[in-house]
Each structure stands twice: as C-alpha cells, then as structure tokens.
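What follows is a single structure, written as structure tokens, with notes after it.
The values are calculated or read from the model by the stated rules, or taken from the named source; none is laboratory data. If you're wondering where the values come from, they're calculated on a predicted model, not measured in any experiment. Positions of Cβ are generated from backbone atoms using ideal geometry, with glycine treated the same way; all protein chains shown enter the neighbour counts.
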Amino acid sequence: MKRSNTIYLDHASGTNLLPEVKQQLSDWLDSSVANPSSIHNEGRRSAADLDEARSGIANVLGCKPSEILFTSGGTEANNLAILGTAEALKEKGSHIITCETEHPSVLESFKALEKNGFRVTYLEVDGNGDVDPDDFRASITDESILASFMWVNNETGIRHPIEELAEIARARGIRFHCDAVQAFGHTHIQLHNSVVDSLALSGHKLGAPAGIGALYLRKGHAISRKSFGGSQEQNVRAGTPNHIGAVALGTAIKSHAKNLDANTIKYDELSKHLQNQLKTLPGILLNRQGKQYTPNIVSCSFRQVDGEALFIRLDMKNIAVSNGAACSSGSQAPSHVLTALGFDEKLAQATLRISMGIGTTRDEIDDFCEELKQIVTSIYRDTE
Ligand SMILES: Cc1ncc(COP(=O)(O)O)c(C=O)c1O
C-alpha cells in the first residue's frame, strides 16, 4: 500500500521553503515587481531590496556587499567562477586543479577548459572520498593558476579541509574557488578570516526557491564575464537580476546563520539515531568512516541487495531519497563519486543518500527505518 504522506529525506537535492521565506514570497505577490535597473520610484524600491539582500548576505559571510554576485544558482556560480577566472588568468599559466568527486557543474567546467587547451589535474580521493592536502601541494606547478574544491560532498557528506587547501593555494599564489552549496547552513563560514577567493551558494538547498544563487568573489580578483548584454552584477553577470529570489535567499541565509548551532545539534542527534537503526539492517555498509561529515547527509550501501528493486520499493512506499546512480539518457550509470571511492556498479546502485532538512523529525526517521527494514529484509539475498 502506498503511504498517503511522503517521507521526504532528499533535502540535499532540494528542500522546503523556510516559513519566513514563504511569508515573504506571498507578501511579494501583491507588491512591486519593477526592474531594479529602472529609474522610477518602483525600480528604486526593487534596487533597494536587492541591495539590502546583498548586504545581509555579505554581513553573514563576513565580506563586502560588492563581493556578492547574484546568479541563477550553484551551477552558474561555479561555472562563472571557474571559467571566468581561468580566462582572466590564462596569460599567467594554463594548469588548473580539482578533484574527481566534485559536482558536475565544476567537473564539466574543467572539462570545457581542458578542451580549450588548459591542462587539468583531477586529484584522486581515498576510499572515504577525502582529498589529501599533500597531493594537492605536490600537484601545483609554476603554470598553475586555479584550484577548485567542494566544501561538502553532496553524495557522501564528507567535508574537505577547505581552509587548509586554500592556504596551500594562497602560499603558491593560485586562486582558490570553493563550491559551498552543501556546506552553507551546516558549517561556520567567515570569509574575512579565510583565504578562499570565491565561493558558490545555491538558494534551493537553503529554503529559498530554485533559480537563485550567489557567488562570493574576493575584491580585486577580476574574472572574465561569461554573459553579455548588461552591466548588472558588478559588470560580470549580465541580465535582469532575480531580485525577488535574491531577497528570499538573503532571508534564508540569515535564518541559517542564526540557527546554525541549534540545527547542528538537531542534525547530529537525528543522524546518530538514524545510523543506529541502519546498522541493524542486513548487508549494510555505512559510508562514513572516521572522518568529518556533515550531519545532515548519511550515505549507506547494501551488499546482496538489488539496487533497482530497492528504489522501486522505496518509491512505491512514497519514500524520497537519492540513489548512487546518475540518470542520464535513460541509463542508470553508477555515480562518478561512488566509482571514485572504489564502489563497483552493483554496490553503487544499491546506495542510498538520506538527507535531512529543517522539518525532519525523529518520527519521520523512525518511519523511514521501519519501511526500509521491511524492504531490505524482503529483497536481501543471503548468498549471491
Ligand atoms: C555540491 C553541489 N554543487 C552545485 C550544485 C548545483 O546547484 P544548483 O542546483 O543551484 O545549480 C549542487 C546541486 O545539487 C550541489 O549539490
């Protein structure tokens, strides 16, 4: 029987609007939608709202408002920082460095640069998905101009040692970009104490709508523009800004900063509770071994369980979690992250990413574990 209510544990893909964002958006329905570039009073009001959102975000991140650029999301922020920096610095060198488990918005940017003559080092990770700072140090050459690492991996939840990596880059005079899409809201990020040069954020991971994101770009670090037509967003990103989205993002970012400590305690508790129950399931492997993980993401895999059957049953029960395969052109290829960790195709396909959000409760975790137990027990094969 299909449940009438969904168990939604896929918040790392997209999470519910925060109540304060919902309220704000509903107020907006009756308010002005004037273009912030317009010279009339209504336009100036929109521009003032945009400025306020920018200042609020800068205040939380510990940077200057002029260092925040609004984008359409995390993908555009990563694309812009990586492509724009490489293009701006190409006279200085043509070597760029990243890691094999980055998000496709980073990896595909590097691949595009590779096609255009840049030499790319894709650093390998260990069996937990961690990158070794010594490998990064050793990969830097006199030709290196840019490195990009994610703060938190979206599939496994592992945290990379971003400040250490950024210090290594700074010591060798290369720019350092960080994809912080899965980190913000779960990590203290204070850019005035940091040597990170640019950083990407996404609204729909934070309880703002999809279609808005932000790029922090350190003052004085010019990048080449990648869109043309207008002088919006510091002359780097053309196009009418999504000022309603920006206001919502500002509200969500302030809310996460205010509640970070309380939310971390809550996620820690839920995560331990979840893992304690998962550990009792047949064939389970918890993909969190002794390193630093964000508490809101738990990845686990099942030996002797057919991944396809597992996800069909979960879906029939109205349970929303992510799996370890990227669906492209109708085929379920194993995720590049899990492959990099050494998972074979079968294990990658029987991997779940369970991710919690602001509204997740202990009861929801219990319901999920109960359903999962029934499913796994019924499809687990003792021998293969
Ligand atoms: C780590 C990471 N980077 C970037 C993105 C892309 O963000 P957006 O969906 O806002 O384009 C995502 C989205 O899943 C992500 O998890």
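May I ask you to list the residues in the stretch 332-384 that are among the hydroxyl-bearing types (Ser, Thr, Tyr), crowded, with 21+ Cβ neighbours inside 10 Å and closer than 15 Å to residue 6 by Cβ?
From the stretch 332-384, those among the hydroxyl-bearing types (Ser, Thr, Tyr) are 335, 339, 351, 355, 360-361, 377-378, 380, 383; that's our starting set.
With the extra rule that they be crowded, with 21+ Cβ neighbours inside 10 Å, the set shrinks to 335, 351, 355, 360.
Those that are among the hydroxyl-bearing types (Ser, Thr, Tyr), crowded, with 21+ Cβ neighbours inside 10 Å and closer than 15 Å to residue 6 by Cβ: 355, 360.
So, in the stretch 57-80, of the ones that are among the small types (Gly, Ala, Ser) and more than 11 Å from residue 213 (Cβ to Cβ), which residue ends up surrounded by the most Cβ atoms within 10 Å (Cβ to Cβ)? That would be 58.
Here 156, 187, 141 are screened, and the one residue that is assigned by TED's automatic domain parsing to the domain that holds residue 95, within 16 Å of the ligand (Cβ to nearest atom) and surrounded by fewer than 20 Cβ atoms within 10 Å (Cβ to Cβ) is 187.
In the stretch 47-77, which residue that is within 16 Å of the ligand (Cβ to nearest atom) and in a helix (DSSP H, G or I) is farthest from residue 230 (Cα to Cα)? Per the stated criteria, the residue is 57.
In this structure, is residue 21 surrounded by 15 or more Cβ atoms within 10 Å (Cβ to Cβ) and either within 16 Å of the ligand (Cβ to nearest atom) or not in a helix (DSSP H, G or I) (or both)?
Details: surrounded by 15 or more Cβ atoms within 10 Å (Cβ to Cβ): yes; either within 16 Å of the ligand (Cβ to nearest atom) or not in a helix (DSSP H, G or I) (or both): yes.
For residue 21, the condition - surrounded by 15 or more Cβ atoms within 10 Å (Cβ to Cβ) and either within 16 Å of the ligand (Cβ to nearest atom) or not in a helix (DSSP H, G or I) (or both) - is met.
Taking the criterion of being without any contact (Cβ under 8 Å) to a residue 60 or more places away in the chain, assigned to a helix (DSSP H, G or I) and of a type in the set (Ser, Thr, Tyr), the only residue of the stretch 330-377 that qualifies is 339. Before we move on, is residue 7 farther than 23 Å from residue 252 by Cβ, out of contact with any Ser or Thr (no Cβ under 9 Å at 6 or more places or on another chain) and buried (at least 19 other Cβ atoms within 10 Å of the Cβ)? Yes: the conditions hold for residue 7.
Is it true that some residue in the stretch 112-125 is at pLDDT 95 or above, within 30 Å of residue 242 (Cα to Cα), surrounded by 17 or more Cβ atoms within 10 Å (Cβ to Cβ) and within 16 Å of the ligand (Cβ to nearest atom)? Explain how you work it out, then say what you get.
Taking the stretch 112-125 first, the residues at pLDDT 95 or above are 112-125.
Now restrict to residues that are within 30 Å of residue 242 (Cα to Cα): 112-113.
Now narrow it down to the ones that are surrounded by 17 or more Cβ atoms within 10 Å (Cβ to Cβ): 113.
Within this subset, residues satisfying the condition of being within 16 Å of the ligand (Cβ to nearest atom) are none.
No, the conditions are met nowhere in the stretch 112-125.
Screening 45, 54 for residues that are outside the structural domain of residue 322 (by TED's automatic domain parsing) and crowded, with 17+ Cβ neighbours inside 10 Å leaves exactly one candidate, 54. Within the set 262, 208, 257, 238, the sole residue that is farther than 30 Å from residue 133 by Cα and within 20 Å of the chain's Cα centre (by Cα) turns out to be 208.
Could you identify the single residue in 265, 253 that is aliphatic (A, V, I, L, M), closer than 30 Å to residue 368 by Cα and free of Cβ contacts under 8 Å to residues at least 24 places away in the same chain? Give the derivation first.
Numbers: 253 fails: free of Cβ contacts under 8 Å to residues at least 24 places away in the same chain.
The unique qualifying residue is 265.
Within the stretch 159-179, being small (Gly, Ala, Ser) and within 16 Å of the ligand (Cβ to nearest atom) holds for no residue.
Scanning the stretch 265-302 for residues that are closer than 27 Å to residue 160 by Cα and part of a loop (DSSP other than H, G, I, E, B) gives 279, 287, 288, 289, 290, 291, 292, 294, 295, 296.
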